[in-house]
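Colleague: Handing you this structure, nothing more for now.
The values are calculated or read from the model by the stated rules, or taken from the named source; none is laboratory data. Remember, it's a predicted structure, so these values are computed and weren't measured experimentally. Cβ: placed from backbone, ideal geometry, glycine included. Neighbour counts: every protein chain shown. Just the protein is used for accessible areas: all its heavy atoms, side chains included, with ligands, DNA and RNA removed. Shrake-Rupley method; radii C 1.70, N 1.55, O 1.52, S 1.80 Å.
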Amino acid sequence: MAGVPIADGLFTWPSDEPRLIGGSCGRCGALSFPRRAGCPRCGASGPVEHLIGARGTLWTWTSQGFAPKEPFNGAIGEGGLGVPWYVGLVEIPGEIRVEALLTGVSEEDLRIGMPLRLVVVPWRTDDEGREVVTFAFAPDPDGQRSSETEEVGARA
Amino acid sequence: MPDVAIIGVGLHPFGRYPGKPALTMGAEAARLALADAGVAWTDVDFAVGGSYEVDQPDAVVAEIGLTGLPFTNVYNGCATAGSALALAKQQIELGEHRIGLVLGLDKHEGGAFTADPTSYAAPEWYGEMGLFLTTKFFGMKINRYMHDHGITQQTLARVAAKAYANGAINPQAFRRKALSEEEILASRMLNFPLTHYMFCTPDEGAAAVVVCDAAIAHRYTDTPVYLRSVATRTRRYGAFEVHGTSAAIEHVPAPTVDAAKAAYEAAGIGPEEVQIAQLQDTDAGNEVMHMAEVGLCADGEQNDLIAAGATTITGRIPVNTDGGLIANGEPVGASGLRQVHELVTQMRGRAGDRQMPTVPRVGVAQLYGAPGVAAVSILTR
Ligand SMILES: [Zn+2]
């Protein structure tokens with residue numbers, strides 16, 4: 001798939017196995033996503049580029065049941081997002097939790113702890129007719145459930 | 001160091017007022033608070049104002065009198081009123097001034113708040129992708145909390161139903177129609193597990209309080225309420241917060257937990273002594289989580305407490321007796337002063353149909369908002 005990334009320096013592209021581009025602090029080792037000018041943990045400047053793992057598990061999720069106001073700039077309907085769409089926080093083991101769109105999921109099969117993998121998906125068509133692409137996480141049939149996410153017995 | 005007393009409160013009811021400027025509402029709230037305190041505007045030494053939409057709330061002096069007093073404007077997101085109260089309290093404690101007015105006013109459009117993500121340390125793509133939404137964060141936070149602590153969606157519906165029930169008996173509330181748990185659960189799903197009727201809406205309104213050196217409070221009122229402490233905090237590394245593109249795996253508590261701890265310590269009062277709470281119920285899930293974050297219960301106890309009616313007006317620890325944000329909406333700059341208005345009204349035994357059976361002695365007010373700021377105040381009579 002071709003396409004123009006929604007932002008520079010966000011994920012490796014084009015690539016058969018894209019990765020999110022985070023930052024790693026030279027002083028304390030903390031990871032951040034996206035890479036910022038400073039470390040969110042210790043404040044040191046200049047975290048270096050760190051490619052974040054492409055596989056993880058779902059830490060939490062929600063549905064998006066209405067179109068956000070601007071600056072939202074995505075395509076809804078035909079060929080675009082169906083309402084509701086889904087958003088989650090994905091835990092990349094041993095690294096970081098990343099907020100992302102979830103694709104290829106429905107409310108029925110979303111489970112906290114389910115394995116997910118990074119994908120790059122079409123987002124919108126820009127003013128020059130080019131396809132803009134962005135990152136999302138999709139179910140990972142080869143992945144493993146997180147072991148720490150046994151559900152508490154829900155009481156009525 | 002002087003203690004600080006609240007001697008007057010005023011509220012311009014929250015709601016929708018087409019064509020009425022926020023400052024006009026602010027002026028009305030200020031006059032009500034001054035009249036309640038029996039203080040002339042010319043006797044007020046200083047003022048603090050807070051607003052999201054109005055750059056300079058001090059412009060209200062054009063309506064209530066150009067006395068030349070020092071008037072400081074503060075803005076701190078949803079915690080604006082907490083910061084305004086903290087500043088007023090400090091000025092009195094420093095002995096700089098003896099009588100002050102704290103004012104909050106705002107006028108928003110309906111629907112979820114939006115802004116430029118880069119103003120909240122979030123990148124542009126985060127907004128373009130539709131992720132720059134507080135409601136989405138609240139859906140994600142409560143969904144994980146329900147998973148970890150067994151909180152049910154029925155509990156969320158009960159919280160919202162209580163808010164509308166309290167609003168129905170509060171003549172100043174915005175939403176005055178009681179709604180059943182079934183109606184709340186059946187309303188449109190906005191951000192799972194939160195339905196339309198579980199959310200508050202941005203709206204319009206103003207609130208004001210008159211504070212003074214407690215040593216002179218008796219000149220103005222027989223029923224002073226003491227502002228024992230105010231603490232504000234921002235998020236720490238490891239907290240899962242609104243407008244965060246990522247979160248660390250190492251976990252620390254939310255800023256409300258830190259602010260509450262500091263406020264209880266400064267007041268010398270523990271959470272077990274609290275008899276009434278005003279919590280930031282931007283949605284029903286937030287009220288549930290904030291109950292635990294301010295120490296009113298342990299994580300997971302909310303199902304049983306709420307099912308037993310513990311947080312209703314006649315319960316053991318009433319929460320949001322005036323209907324909270326869900327029934328009043330949120331004019332950001334004024335919202336926290338509405339909380340104080342309600343605590344003071346209950347502590348004076350003047351809450352009418354919604355008065356708690358036993359007039360409370362200790363109350364807590366809590367604010368939380370983007371991008372991870374919190375304020376907690378402790379009041380006693
Ligand atoms: Zn660092």
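Colleague: Mind listing whichever residues of region A:1-30 are in a strand (DSSP E or B) and within 12 Å of the ligand (Cβ to nearest atom)?
Modeller: A:GLY23, A:SER24
Colleague: Quickly run through region A:31-50 and pick out the residues that are more than 9 Å from the ligand (Cβ to nearest atom) and assigned to a strand (DSSP E or B).
Modeller: A:LEU31, A:SER45, A:VAL48, A:GLU49, A:HIS50
Colleague: Say we look at region A:13-46 and pick out the residues that are among the basic types (Lys, Arg) and within 11 Å of chain B (Cβ to nearest Cβ); which of these is least open to solvent (accessible area, probe 1.4 Å)?
Modeller: Once the filter is applied, the top-ranked residue is A:ARG36.
Colleague: A follow-up question, please. Is it the case that region B:255-278 has a residue that's surrounded by fewer than 17 Cβ atoms within 10 Å (Cβ to Cβ), closer than 25 Å to A:CYS28 by Cβ and in contact with a helix residue (DSSP H, G or I) (Cβ under 9 Å, 6 or more places away or on another chain)?
Modeller: Within region B:255-278, not a single residue is surrounded by fewer than 17 Cβ atoms within 10 Å (Cβ to Cβ), closer than 25 Å to A:CYS28 by Cβ and in contact with a helix residue (DSSP H, G or I) (Cβ under 9 Å, 6 or more places away or on another chain).
Colleague: Follow-up. Taking only region B:260-289 into account, find how many residues are touching a strand residue (DSSP E or B) at 6+ places or on another chain (Cβ under 9 Å) and in a loop (DSSP other than H, G, I, E, B).
Modeller: Here the count works out to 8.
Colleague: Answer with yes or no whether B:GLY349 is open to solvent by 20 Å² or more (accessible area, probe 1.4 Å) and at positive phi.
Modeller: yes
Colleague: When you scan region A:107-129, do you find a residue that is outside any loop (DSSP other than H, G, I, E, B), touching a residue at least 60 places away in the same chain (Cβ under 8 Å) and facing another protein chain (nearest Cβ under 7 Å), even just one?
Modeller: no
Colleague: Another question, then. Tell me, please, whether a residue that is among the charged types (D, E, K, R) and closer than 18 Å to B:MET291 by Cα can be found in region B:167-190.
Modeller: no
Colleague: Counting only residues that are away from every other protein chain (no Cβ under 12 Å) and assigned to a strand (DSSP E or B), which one in region A:51-68 is nearest to the ligand (Cβ to nearest atom)?
Modeller: So, considering only residues that are away from every other protein chain (no Cβ under 12 Å) and assigned to a strand (DSSP E or B), the one nearest to the ligand (Cβ to nearest atom) is A:LEU51.
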